[in-house]
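**Q** The following block contains the structure, expressed as structure tokens.
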Amino acid sequence: MNKYFPFELHCHTYCSDGSMSPAQLIDNAKSRGLAGIGITDHNTYSAISELQAIAQKDDFVLLKGIEWTTFWGHFTAFGAESIDWRELNCGNINQMLARAKESGALVSIAHPFRLGAPVCSGCRMEYPITDYHNIDGYEIMSGPFPYKQIFNANAIAEYDRLLAQGYKIAALYGYDWHTPDKGFCYGATYLPAKAAQEALNAIRAQNTFVSLGLHLCVRIDNRQVAFGSAIDSGEHYIEVQVNKDILPLCKKFEIEPKEIIVRNNQHIYRTSIKENAIRVVLQTGYFRIEVRGSINGDMDALLASTSPIYIKGD
Amino acid sequence: MKILSYNKTLTPSEAYTHIKLPFEINEKYNSLIIKFSYEPKTLADKRQAILLVEQGLAKCGEPIEGASGYLPVNNLITISLDSPAGYIGAAHRHANKQEHKISVDYADKGFIRSEIVPGKWCVVISAHYIASSKVNVALEVCGE
């Protein structure tokens, strides 16, 4: 069985507008119980050499990236050194994303439904992206207390719309981490990876889930299935094992999973955590799993969500 | 030695633009000093600020009530730097008075240590958001 590890894929240091040094960021990431981080300082790579030295010494996974912090949207990008963020504009965005993809970069859309200018200039995704084949990941959850945020509900709705169009995009969480912990609830992107290249490969394969500390394992007809893989359409027996391994600084929030939701295109199937299995007829397209439950007094919160498992046609 | 000096007044119509300021270095320096500032940081007209926030919220499909909770409205302008060898980095932060030093063995936050070699360099001023009717930008590059 694949083991998934929690990563934070969107964080900043004092090399852009964060307040943490590279050493503090890695220290705090370990306190959060993370196996690794993706550094995504705004428009600069200057923290990477120091982070890399610390990560190597500490056996901590570091994904070397940047946040293209442009006027009409933000992208987290890994292996994207050949792209100049200043060249991105609404007229060339699709060509620039295609060029990034061709160069081997892994590019994800950051916090697509945050408020834009003047509250947070450039933070909302306003680019006229017409081809999402060049997008590897999508922050369906971001920020602290992600289950409370309307912008995350909007992001998940848009993510479903893109999946329904046939795009293959990984579900990501990004705290957009700028400052040391203030006692807020946070999540993570879970990846079956203990090294940077494995982590990038997992995102490219959509083998991810986002969670507030619940580990998800999906078995279909008694076989574990990786997120991002494909199965045949038709009747299937889906089991979802949900194990609580709450992230260290979130234990105080009393997270309790209650319900498993299977979303197959527009169809929604529900079962309880206690039952943890459901027989469904899956239609061509995709399905993904959500787990809802209680947290900190909120009785119906989204606690985890997976990347899709694709359903092949007849 | 002063290599580049640039002053400009930006208006809201110049938001979302990059101003490229190429400059030539003709001799080797130990370090490059960039002084960058813009004034004002904040839109002083509170009424106008609330109007802009309301417009921003409406554009995002959000209720405009509570717009005053998002004040103040700030201008945001950043700089980035290219050496003859390529992109060195950016100072993407909110302070409106900045000074950066770059040399082969030291670089201020946001920039990669670089040898200050002769050749074509470029500073780029990026106007992420201009709310005030006039924002005075000043930039100076010196070699030491």
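**Q** Please determine whether any residue of the stretch B:29-42 is of a type in the set (D, E, K, R), in a strand (DSSP E or B) and within 9 Å of another protein chain (Cβ to nearest Cβ).
**A** no
**Q** Also, I was wondering about something else. Quickly run through the stretch A:112-136 and pick out the residues that are more than 12 Å from chain B (Cβ to nearest Cβ), in contact with a Gly (Cβ under 9 Å, 6 or more places away or on another chain) and under 24 Å from A:Gly228 (Cα atoms).
**A** The one that is more than 12 Å from chain B (Cβ to nearest Cβ), in contact with a Gly (Cβ under 9 Å, 6 or more places away or on another chain) and under 24 Å from A:Gly228 (Cα atoms): A:Ile129.
**Q** Looking at the structure I just gave you, is B:Ala58 within 23 Å of A:Arg86 (Cα to Cα), of a type outside the set (D, E, K, R), out of contact with any Ser or Thr (no Cβ under 6 Å at 6 or more places or on another chain) and within 14 Å of chain A (Cβ to nearest Cβ)?
**A** No.
**Q** Of B:Ala85, B:Ala67, which residue is aliphatic (A, V, I, L, M), farther than 19 Å from A:Glu126 by Cβ and at the interface with chain A (Cβ under 10 Å from one of its Cβ atoms)?
**A** B:Ala67
**Q** Additional query: Looking only at the stretch B:114-133, count how many residues are in a loop (DSSP other than H, G, I, E, B) and either surrounded by 14 or more Cβ atoms within 10 Å (Cβ to Cβ) or within 20 Å of the chain's Cα centre (by Cα) (or both). If you could, list the steps in order and put the result at the bottom.
**A** Keep residues of the stretch B:114-133 that are in a loop (DSSP other than H, G, I, E, B), which gives B:114-115, B:117-118, B:130-133.
Remaining after also requiring either surrounded by 14 or more Cβ atoms within 10 Å (Cβ to Cβ) or within 20 Å of the chain's Cα centre (by Cα) (or both): B:114-115, B:117, B:130-133.
The qualifying residues number 7.
**Q** Does B:Pro72 count as assigned to a strand (DSSP E or B) and either touching a residue at least 12 places away in the same chain (Cβ under 8 Å) or within 29 Å of A:Phe113 (Cβ to Cβ) (or both)?
**A** No, not satisfied.
**Q** Determine if the stretch A:12-23 includes at least one residue that is more than 12 Å from chain B (Cβ to nearest Cβ) and touching a strand residue (DSSP E or B) at 6+ places or on another chain (Cβ under 6 Å). Outline the logic, then answer.
**A** First, the residues of the stretch A:12-23 that are more than 12 Å from chain B (Cβ to nearest Cβ): A:23.
Going one step further and asking which of them are touching a strand residue (DSSP E or B) at 6+ places or on another chain (Cβ under 6 Å), we end up with none.
No, the conditions are met nowhere in the stretch A:12-23.
**Q** Return a yes/no flag: does the stretch B:90-113 have any residue that is on the phi > 0 side of the Ramachandran plot, outside any strand (DSSP E or B), facing another protein chain (nearest Cβ under 10 Å) and crowded, with 20+ Cβ neighbours inside 10 Å. So that I can check it myself, show each step before the final result.
**A** Step one: of the stretch B:90-113, the residues on the phi > 0 side of the Ramachandran plot are B:110.
Restricting the remaining residues to those that are outside any strand (DSSP E or B) gives B:110.
Now restrict to residues that are facing another protein chain (nearest Cβ under 10 Å): B:110.
Applying the additional criterion that residues be crowded, with 20+ Cβ neighbours inside 10 Å yields B:110.
Yes, the stretch B:90-113 contains at least one residue that is on the phi > 0 side of the Ramachandran plot, outside any strand (DSSP E or B), facing another protein chain (nearest Cβ under 10 Å) and crowded, with 20+ Cβ neighbours inside 10 Å.
**Q** Could you grab me the full set of residues in the stretch A:247-286 that are crowded, with 17+ Cβ neighbours inside 10 Å and either under 20 Å from the mean Cα position of the chain (by Cα) or of a type in the set (S, T, N, Q) (or both)?
**A** A:Leu247, A:Leu249, A:Cys250, A:Ile255, A:Pro257, A:Ile260, A:Ile261, A:Val262, A:Arg263, A:Asn264, A:Thr271, A:Tyr286
**Q** In the stretch A:128-167, how many residues are in contact with a helix residue (DSSP H, G or I) (Cβ under 8 Å, 6 or more places away or on another chain) and outside any helix (DSSP H, G or I)?
**A** 15
**Q** A further question follows. Can you pull out the residues in the stretch A:4-37 that are over 19 Å from the mean Cα position of the chain (by Cα) and part of a loop (DSSP other than H, G, I, E, B)?
**A** Across the stretch A:4-37, the qualifying residues are A:Thr13, A:Tyr14, A:Cys15, A:Ser16, A:Asp17, A:Gly18, A:Ser19, A:Met20, A:Ser21.
Readers should treat all values here as calculations from the given coordinates under stated rules, not as data from a laboratory. Source: prediction; values computed, not measured. Virtual Cβ from ideal backbone geometry, glycine too; neighbours counted across all protein chains shown.
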